[in-house]
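What follows is a short report on a single structure.
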Amino acid sequence: MSVELEDIHEECGLFGVWGHPDASRLTYFGLHALQHRGQEGAGIVSNENGKLTGHRGLGLLTKVFSDEREIARLRGDRAIGHVRYATSGSTGVDNIQPFLFRFHDGDIALCHNGNLTNCVSLRTALEDEGAIFHSNSDTEVLMHLIRRSDKPTFMEKLKSALMAVHGGFAYLLMTEHAMIGALDPNGFRPLSLGRMTNGAYVLASETCALDTVGAELVRNIRPGEIVVIDDDGYRITRYTDDTQLAICSMEFIYFARPDSNIYGINVHSARKRMGARLAHEQPVEADMVIGVPNSSLSAASGYAEASGLPNEMGLIKNQYVARTFIQPTQELREQGVRMKLSAVRGVVKGKRIIVIDDSIVRGTTSKRIVRLLREAGASEVHMRISSPPLRYPCFYGIDISTTRELIAATKSAEEIREYIGADSLGFLSLDGLIDSIGLHENAPYGGLCVAYFNGDYPTALDDYEQEFLASLGKPDRARLMTYARERSIYHDNEFASDPTTTPAPTVTPSPAHA
Ligand code: AMP
């Protein structure tokens, strides 16, 4: 089964609260803290004594809820909400979550963070059986599976549906009587349970949202777990024991907010350690270190501290350029970068600069930054990247869509250096990344998913498999076979055929980066 990768990639933020008189307003505050996880749309569903009411729309949370009456209308002491980041193929309001389903035996709201690897085949099978979908998001699939399950109770139906979906998922559901969170068997996305002083329970994608509403962390939800919150408190069960933590390393590198803790590891501190390690691995003589705002400031401080160089503010980010305004064409993307960043001439003129960025995807940002700094008079520009080269796509919910878009998939470090026009370029090693994050889980790569760097995916790729293999060159395929054999990633019969004979993937540009 082949699938257009761009249509279904999603990165999102989830927040829910149970047992607070101002539940929808708290959910608004929680989602506000998670806005960096998605700016394309937002929604909240509240629950007043079993009556579910929702509001959703396109754009930033402040736009969707610009009319105060919308929050006031969402009455009840329970609510769940969602902020959505999606790529160009699926930007309609129909895809904005939470989805609210009205059934004869009760309403259910559902939202999702992540990306399913077998969504297209499940959806096709469900449609063939008569299911009708309203969105092209993969979230709806779970509800169809729940409704079609022949198990006797809702929890059993949910568990069997969770066993059928593969890939990366953190689900948040609200029934009339409970709020439920569930995580995939690898825990690709973070999900944390918190408690407020009044006894209300909160579920959130990141702990920064717990802090925003004054909730204390109770526990991180682990791979394969389901947490059920109702008027009796919370209970945690499992729907599978076949689990192995592989949390997305991009959450630590780029995506999560620096004040969040993921499995007890503070994101800012992890980035700082990445920067310090990078200084040891990739030293260079220079006058100062500057970080690309905002996501690389932590790593820059680590690099500067470890190298004994001043950490200067050589680049300024215009905080008011919303990601949504940056259109997905290369030309406009470059325009977007220009709108977003300026060099501080008075700081960088005549200086040898080390620029720290957290990652290179297409190379557009780095190229533009090098040019900006040279135009502002920098005498040397040395790029240092606080992660290894991104060479493989993500199938679990981070917008690193196709191999062909990733500059490091086809170019060596020296070729990338030449393309971006830097005096030198250095990346953090994979070991350096794993050590710096320091998760130390008894699982491959210390409990991290690092597939974007080495192609070792923790799960089968299902619908993506053929297209992914077809996008690889022969040496890469041969190397990945070793991983695949060890971990049953690809189907044996498909390895037997030459994947290069399948058509190459269509490359549709996805939106520019935030
Ligand atoms: P590019 O210009 O395509 O090389 O993108 C690199 C920039 O995008 C870096 O400054 C990163 O901070 C940022 N970035 C990395 N990964 C992502 C992602 N998945 N979504 C949005 N932005 C990203």
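The values are calculated or read from the model by the stated rules, or taken from the named source; none is laboratory data. All figures in this text were calculated on a predicted structure; none of them were measured in a lab. Every residue, glycine among them, receives a Cβ derived from its backbone with ideal geometry; neighbour counts consider all protein chains shown. Surface accessibility is based on the protein's heavy atoms, side chains included, excluding ligands, DNA and RNA. Shrake-Rupley method; radii C 1.70, N 1.55, O 1.52, S 1.80 Å.
Going by what's in this entry, would A246 be described as touching a Phe, Trp or Tyr at 6+ places or on another chain (Cβ under 6 Å), buried (at least 17 other Cβ atoms within 10 Å of the Cβ) and touching a residue at least 60 places away in the same chain (Cβ under 8 Å)?
Values: touching a Phe, Trp or Tyr at 6+ places or on another chain (Cβ under 6 Å): no; buried (at least 17 other Cβ atoms within 10 Å of the Cβ): yes; touching a residue at least 60 places away in the same chain (Cβ under 8 Å): yes.
Taking the combined requirement at face value, the residue does not satisfy it.
Against the condition touching a Pro at 6+ places or on another chain (Cβ under 8 Å) and of a type in the set (D, E), how does D77 come out, does it pass? Steps first, answer last, please.
Working: touching a Pro at 6+ places or on another chain (Cβ under 8 Å): yes; of a type in the set (D, E): yes.
Yes, satisfied.
Run L373 past the list (1) surrounded by 21 or more Cβ atoms within 10 Å (Cβ to Cβ); (2) under 24 Å from L116 (Cα atoms); (3) more than 9 Å from the ligand (Cβ to nearest atom) and report the number of the one that doesn't hold.
With (1) surrounded by 21 or more Cβ atoms within 10 Å (Cβ to Cβ); (2) under 24 Å from L116 (Cα atoms); (3) more than 9 Å from the ligand (Cβ to nearest atom) applied to L373, the lone miss is (2).
Would you pick out the residues in segment 338-370 that are more than 13 Å from the ligand (Cβ to nearest atom), aliphatic (A, V, I, L, M) and under 17 Å from L297 (Cβ atoms)?
Residues satisfying the conditions are A343, V344, V347, V348, I353, I354.
Look through H177, H144 and report the one residue that is out of contact with any Cys (no Cβ under 8 Å at 6 or more places or on another chain) and surrounded by 15 or more Cβ atoms within 10 Å (Cβ to Cβ).
On the way: H177 fails: surrounded by 15 or more Cβ atoms within 10 Å (Cβ to Cβ).
Only one candidate qualifies: H144.
Output the number of residues of segment 226-242 satisfying the condition of being closer than 28 Å to Y85 by Cβ, in a loop (DSSP other than H, G, I, E, B) and touching a Phe, Trp or Tyr at 6+ places or on another chain (Cβ under 9 Å).
0
Go through E127, E140 for me and flag whichever is part of a helix (DSSP H, G or I), at pLDDT below 95 and under 27 Å from L26 (Cα atoms).
E140
Restricting to segment 258-317, what's the tally of residues that are closer than 23 Å to R189 by Cα and in contact with a Ser or Thr (Cβ under 9 Å, 6 or more places away or on another chain)?
Adding up the residues that qualify gives 18.
Condition (residue is under 22 Å from I398 (Cα atoms), open to solvent by less than 40 Å² (accessible area, probe 1.4 Å) and in a loop (DSSP other than H, G, I, E, B)) applied to segment 266-275: is it met by at least one residue?
no
When you go through (1) over 16 Å from K351 (Cβ atoms); (2) away from the ligand (no atom under 13 Å from the Cβ); (3) touching an Asp or Glu at 6+ places or on another chain (Cβ under 8 Å) one by one for E415, which number turns out not to apply?
E415 satisfies every listed condition except (3).
Name the one entry in R84, R102 that is in a strand (DSSP E or B), at pLDDT below 95 and among the charged types (D, E, K, R).
Numbers: R102 fails: at pLDDT below 95.
After applying the criteria, what remains is R84.
Check whether at least one residue in segment 212-225 is out of contact with any Leu (no Cβ under 8 Å at 6 or more places or on another chain), outside any strand (DSSP E or B) and open to solvent by 20 Å² or more (accessible area, probe 1.4 Å), and report yes or no.
Yes, the conditions are met somewhere in segment 212-225.
So which residues in segment 255-265 are surrounded by fewer than 24 Cβ atoms within 10 Å (Cβ to Cβ) and of a type outside the set (D, E)?
R257, P258, N261, I262, Y263, G264, I265
Need the failing condition index for L203 against (1) touching a residue at least 12 places away in the same chain (Cβ under 8 Å); (2) part of a loop (DSSP other than H, G, I, E, B), just the number.
Every listed condition holds for L203 apart from (2).
Taking G421 as meeting all but one of (1) open to solvent by 10 Å² or more (accessible area, probe 1.4 Å); (2) under 26 Å from K272 (Cβ atoms); (3) within 14 Å of the ligand (Cβ to nearest atom), write down the number of the exception.
Condition not satisfied by G421: (2).
Would a scan of segment 399-410 turn up a residue that is within 14 Å of the ligand (Cβ to nearest atom), in a loop (DSSP other than H, G, I, E, B), closer than 22 Å to T364 by Cα and of a type in the set (D, E, K, R)?
The answer is yes; a qualifying residue exists.
Residues to consider are H55, H134; find the one that is open to solvent by 10 Å² or more (accessible area, probe 1.4 Å) and part of a loop (DSSP other than H, G, I, E, B).
From the options H55, H134, the qualifying one is H134.
Please enumerate the residues belonging to segment 355-370 that are crowded, with 22+ Cβ neighbours inside 10 Å and in a loop (DSSP other than H, G, I, E, B).
D358, S359, I360
Show the residue pairs that are 6+ apart or on different chains and have beta-carbon atoms under 6 Å apart, the first residue being within segment 133-147 and in contact (Cβ under 8 Å) with a residue 24 or more places away in the chain, the second being among the aromatic types (F, W, Y).
Correct list of pairs: E140/F133; M143/F101.
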